[in-house]
Amino acid sequence: MYRTGQVRAMGAAAVLIGAATLLIQFAQPVDAGAKPLSPPVFSSKAAAKAKVDVPFAFTVKAKANPIAAITEIGPLPVGVTFGDNHNGTATLSGTAPLAGTYTICLQAANGLGTTDQTLTLTVKSRLPLIRHVFVIMLENQGYAATFGSPASDPYLATTLPGQGALLENYYGTGHFSNDNYDAFVSGQPPNASSQLDCGTYSEFPPGSGQDAQGIQQGTGCIYPSAVKTVADQLSGEGLSTKGYMEDMGNVPTRESATCGHPAPGGADPSFAAVSGDGYATRHDPFVYFHSIIDNPAVCNQSVVPLGTTTGALPAGTPAGVTGLATDLASIATTPNLSFITPNLCNDGHDYPCTNQPTPSTSAAGDVNSFLATWVPLITSSPAFQKDGLLEITFDEAESPALDSTACCGETPGPGASAGGNGITGPGGGRVGAVLLSPFITPGKVIKRTAFNHYSSLASIEDLFGLARLGEAKTVATTFDRGIYTK
């Protein structure tokens, strides 16, 4: 016989067994396809590719349960965006204006954990990865007097083309000097004041403004702060520009040793060379823009004397300012854009020379001597040899005869003289140019394609992925096809 307690236990067990049987009979079946919970793991490639100025999209994937949120950590390249699609994927997309290799940090996270990925985005360009551009602007000589007359300047006309590419059909954009310099750095066309070299350092009329293309209206010399230069563009991207002006500050009563310019509204005391000082304000494009001169700290560091080949500077130069020879010593100290203006003797403007003994028998000979001194210093520098481009050209073709021809669809500036941008014609005449770079096969001659100062500006902007300014938007020819080595 069972005891009372045993009977009760057996009854309870029977009840439990019956309940379990019912649960088994009526329970929902387990879903054999259910995914187990898991922390995120990136499943897409850690490398993406794109081309400059070509839209692209790359899908980032992360496996996880529950679905992971995907975010990017840190800055993205210019023109590139990142967005989580909230389905275990994210999209990296955009139109990158600048070639290079970029590291993008990604993170995927859900309630079970986080994981990081370093994604490498490689943006390729039809242009070489040039990051140091040098420009030497010379004066007044037409193609026939320079490249066309090798006996007068053999280094310019023969040696340098043999080391790079000769652009036979390169044109100035106006007459006389100052408007060409302005065009080269800003894309602004000539106006009646800049055509006459701004003997008075005048402002534009109040309210004159710019048109839809950014072209300044009216006549004047000092462009309003709304008008930008390639120096402003580069600065906005964290890159550097320096104007190296030979003789600036040699005679402090004429101009200061840095950012040298007249008082607004005043006469230009540097219109003619004096003994020991051949600096000409009108050949220094940067001091014609309020966007630059209104920031003295920046202007005093970025518009400086050229100095000597040993790095010596005028006595009144502020401490900490360095000339070209010093800056060329390393890649880190070499600006991304160096604009070099020789004095009124060495640029071919004056002959015979007032500011220094004339070393040669012609203006072209003086140019030749300057280039033979400075070009080897530039081309042997670490920055040039790594990723450099040197352009040597003239502002306008005024000698042996005034040439006002033009190219490249140049249109008259809204404030230009009645005779056109060239005063007696549409442009600044044929001057020629030579380009040197590790990315150019020596000895190239470009005969059929025409270029002008707007082409140069557009070419520099394209190299650095910058929007084109002013009339640089209108040119169809830049330094690309047929010039750089493929």
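Bear in mind that the values in this text are calculations on the coordinates, not laboratory data. What you see is a predicted model, and the numbers here were worked out from it, not measured in a lab. Glycine gets a Cβ as well: all are built from the backbone with ideal geometry, and neighbour counts include every protein chain shown.
Going by how many other Cβ atoms sit within 10 Å of their own, how do CYS221, CYS105 line up, fewest first?
Taking fewest neighbouring Cβ atoms as first place, the list is CYS105, CYS221.
Expressed in nm to one decimal, what extension gain is obtained for the pair LEU76 and THR118 from 0.36 nm per residue of sequence separation less their Cα-Cα distance? Don't skip to the end; give the middle numbers.
Values: separation 42, 0.36 × 42 = 15.12 nm, distance 1.26 nm.
Here the segment from LEU76 to THR118 would lengthen by 13.9 nm.
Mind ordering 160-170, 37-47 by average Cβ neighbours within 10 Å, highest first?
Per-residue Cβ counts within 10 Å, averaged per peptide and sorted highest first, yield 160-170, 37-47.
Taking each pair of distinct Cα atoms in region 38-124 once, what is the resulting Kirkwood hydrodynamic radius in Å?
Computed over region 38-124, the radius equals 13.0 Å.
Once the Cβ-Cβ distance between SER208 and ALA401 is put in as r, and R0 is 51 Å, what FRET efficiency do you end up with, to the nearest 0.05?
Details: r = 34 Å, r/R0 = 0.68.
Between SER208 and ALA401 the formula returns 0.90.
Nearest-5 percent of antiparallel DSSP beta bridges in the chain?
Looking only at bridges with both residues in the chain, the antiparallel portion is about 55 percent.
Which of TYR454, TYR102, TYR171 comes first, and how do the rest follow, when ranked by fewest Cβ neighbours within 10 Å?
Listed from fewest to most nearby Cβ atoms, that is TYR102, TYR454, TYR171.
Relative to the first principal axis of the alpha-carbon coordinates of the chain, what is the inclination of helix 4-26, with its axis defined by its Cα atoms, in degrees from 0 to 90 and to the nearest 10?
40
Rank these for me by crowding, HIS261, HIS290, going from fewest to most other beta carbons within 10 Å.
Details: HIS261 23, HIS290 16.
In order of increasing Cβ crowding within 10 Å: HIS290, HIS261.
Round to the nearest 10 and give me the degree value, 0 to 90, for the angle of helix 363-379's Cα axis relative to the longest principal axis of the chain.
The two axes meet at around 30 degrees.
Can you list residues whose amide H is under 5 Å from THR405's amide H, if they're 5+ apart or on another chain and H is modeled 1.01 Å from N?
Answer set, sorted by chain and number: GLY427, GLY429, ARG430.
For Rg and Dmax of the Cα atoms in Å, several values are listed as (i) 23.5, 76; (ii) 32.8, 140; (iii) 23.3, 70; flag the one computed from this structure.
(ii)
Per residue of region 417-423, what does 6.51 cos²θ - 1.76 cosθ + 1.60 with θ = phi - 60° give for ³J(HN,Hα)? Whole Hz please, x for Gly and Pro, Karplus curve as stated.
5, 4, x, x, 4, x, 6
Checking the cross-link filter: which lysines have an alpha carbon closer than 22 Å to that of LYS45, excluding same-chain neighbours under 8 positions apart?
LYS61, LYS63, LYS124
Could you list, by residue number, the cysteines of the chain that have no other cysteine's beta carbon within less than 4.7 Å of their beta carbon?
Singleton cysteines: CYS105.
Hey, rough spin-label estimate for LYS63 and THR474, points 7 angstrom out along Cα→Cβ, what's it come to in nanometres?
Output for this residue pair reads 6.0 nm.
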